[in-house]
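The values are calculated or read from the model by the stated rules, or taken from the named source; none is laboratory data. The shown structure was predicted, so the numbers you read here are calculated from the model rather than taken from an experiment. A quick note on method: Cβ atoms are made from the backbone with ideal geometry, for glycine too, and the neighbour counts reach across all protein chains shown. The accessibility values were calculated without ligands, DNA or RNA, using every heavy atom of the protein model including side chains. Shrake-Rupley method; radii C 1.70, N 1.55, O 1.52, S 1.80 Å.
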Amino acid sequence: MKYFVFSFLSVTAFLGLTGCNHSSSTTVEESSEQTSLRDLLALPDHIAVPYVPDFNPISEEKIELGRFLFYDKKLSANQTQSCESCHDQSLAFSDGVSTPFGSTGHQLTRNSQGLANVAYHSTFTWSNNGFLALEDQLNVPIRADNPIELGVTDPNLDEVLARFDADPAYVAMFAAAFPDSDSGTTINKIIFSLASFIRTMISANSAYDQYLLGDTSALTEQQKLGFSLFNGEKFECFHCHTGSNFSVSYRDSNTTEDTIAYPFFNNGLYNLDGEGSYPAADQGLYDLTLDLNDRGKFRPQSLRNIELTGPYMHDGSLQTLREVIEHYARGGQLIESGENAGDGNLSPLKSGLITGFDATDDEIDAVIAFLESLTDYEFINNPKFSDPFEEQ
């Protein structure tokens with residue numbers, strides 16, 4: 001199969017377990033549960049409490065177990081990779097390459113996304129409108145067989161689980177994280193713990209955040225100009241990258257079901273046939289829906305720590321932030337020769353928001369400087385996200 005598709009939401013419904021809590025409250029006042037979660041995650045006041053599904057409430061014990069699992073190579077079938085192999089804390093949990101290699105040496109087609117504030121997205125992965133919870137997405141890197149990432153497929157699942165059941169430290173951590181279960185290690189417990197840990201990866205102390213909270217000196221004059229251009233009608237970045245997470249793909253604990261957006265856009269990166277097609281290896285949402293209008297549609301990413309998470313785009317084909325801005329300024333990428341030749345500016349499937357604009361070098365420099373203000377150095381050095389095995 002091309003993509004491993006699994007929905008934990010559908011499984012929980014089938015088993016009669018508690019489903020998602022789509023909050024109907026839009027008030028600013030937080031419930032006691034939200035306040036408790038805010039304290040557990042140590043969230044600053046200017047950041048909303050993330051949505052957490054009822055079927056997997058966060059606990060300190062799950063977070064700690066998830067942290068160990070995230071860094072443990074025993075979670076790959078051949079014990080050569082961990083989640084951290086493609087999500088490095090110093091790079092805001094991205095990996096710095098265009099597209100990574102899985103544990104068996106198979107090169108993936110999509111760029112590794114940074115994980116900062118991933119809990120706030122409304123959908124997960126670059127282009128899947130069916131993954132509505134982080135638990136859904138985590139099955140892909142662990143369980144997928146094409147492409148293989150960690151490679152925990154059915155033939156070797158029991159062997160992988162047995163590694164953790166044979167480790168007294170993990171036996172104790174699983175028991176603490178799931179005190180009402182005596183089934184030992186299961187793939188769902190692994191996924192629930194990883195999801196809990198990843199939801200703690202909140203980045204909210206960049207220079208931009210400090211500026212937002214009233215420190216007018218936190219941004220340079222160049223960054224302030226970039227901020228203005230970013231939110232202006234010429235660059236129009238804000239149409240797809242807005243709000244506290246700089247993405248219109250957004251959900252928090254107060255977002256109501258009827259207001260959740262599930263956006264996917266074609267940004268004119270390719271136009272192979274003059275009809276909007278992308279390279280066959282990855283045509284975005286189309287590969288799931290088979291709707292020709294979905295060719296080249298991908299989810300707008302968060303721009304938090306964007307300075308650290310290049311290369312950019314779903315395939316890592318743009319190396320620098322300047323290339324990204326110049327791509328949008330042109331209104332789509334021109335590839336003059338080769339198998340991907342075509343003019344993305346002329347794509348009939350390109351979003352109407354990608355119209356192109358004239359920009360001076362100084363203006364582009366200013367927007368890049370503003371984007372660099374979204375780098376959170378506290379986040380990339382926070383020991384609560386670091387490799388626990390290095391502490392032992």
With eigenvalues of the C-alpha gyration tensor scaled by 5 and rooted, the range 261-344, Å: 20, 17, 11
Kindly give the semi-axes, whole Å and largest first, of the ellipsoid equivalent to the range 284-392, taking each as the square root of 5 times a Cα gyration tensor eigenvalue. 31, 21, 12
Using the Kirkwood radius over Cα pairs of the range 295-348, the Stokes-Einstein translational diffusion coefficient at 37 °C and 0.692 mPa s, in µm²/s and rounded to a whole number, is 267
Modelled FRET efficiency - R0 41 Å, Thr104 with Glu221, Cβ distances, 0.05 increments: 0.20
Excluding Gly344 itself, what net charge comes from residues whose Cβ is under 9 Å from its Cβ, given Lys and Arg +1 and Asp and Glu -1? +1
Any idea of Cys83's accessible area? Nearest 10 Å², probe 1.4 Å. 20
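If eta is 1.002 mPa s and T is 20 °C, what Stokes-Einstein diffusion coefficient results for the range 108-227, Kirkwood Rh from Cα pairs, in µm²/s?
Diffusion coefficient, whole number: 123 µm²/s.
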Nearest 10, in degrees from 0 to 90: the angle of helix 32-41 to the longest Cα principal axis of the chain is 80
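How large is the direction-averaged shadow of the alpha-carbon convex hull of the range 208-250, in nm²?
The number I arrive at for the range 208-250 is 3.1 nm².
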Whole-Å distance, taken between Cα centres, linking the range 283-353 and the range 77-107: 22
Hey, what does the equivalent ellipsoid look like for the range 58-164, semi-axes from the Cα gyration tensor as sqrt of 5 times each eigenvalue, largest first, whole Å? 20, 18, 15
For the chain, averaging the sequence separation of alpha carbon pairs under 8 Å that lie six or more residues apart and dividing by its residue count, the contact order in percent is 21
What is the percent carbon and sulfur in the accessible area of the chain, measuring with a 1.4 Å probe over the protein chains and ignoring ligands? 52
In the P(r) worked out for the range 147-285, what percent of Cα pairs fall beyond 21 Å? 69
Distance (nanometres) between label positions extended 7 Å along Cα→Cβ at Asp273 and Ser386: 5.2
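Multiply the residue gap between Asp158 and Ser59 by 0.36 nm, knock off their C-alpha separation, and tell me the result in nm, one decimal place.
Separation in residues times 0.36 nm, less the Cα-Cα distance, equals 33.0 nm.
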Computed over the Cα atoms of the chain, the Rg and Dmax in Å are 21.1, 63
Paramagnetic reach from Asn146 in the range 266-308 [backbone N under 20 Å; point 7 Å along Cα→Cβ]: 279-291
Between Ser36 and Thr256, what is the FRET efficiency for a Förster distance of 22 Å, r being their Cβ-Cβ separation, to the nearest 0.05? 0.55
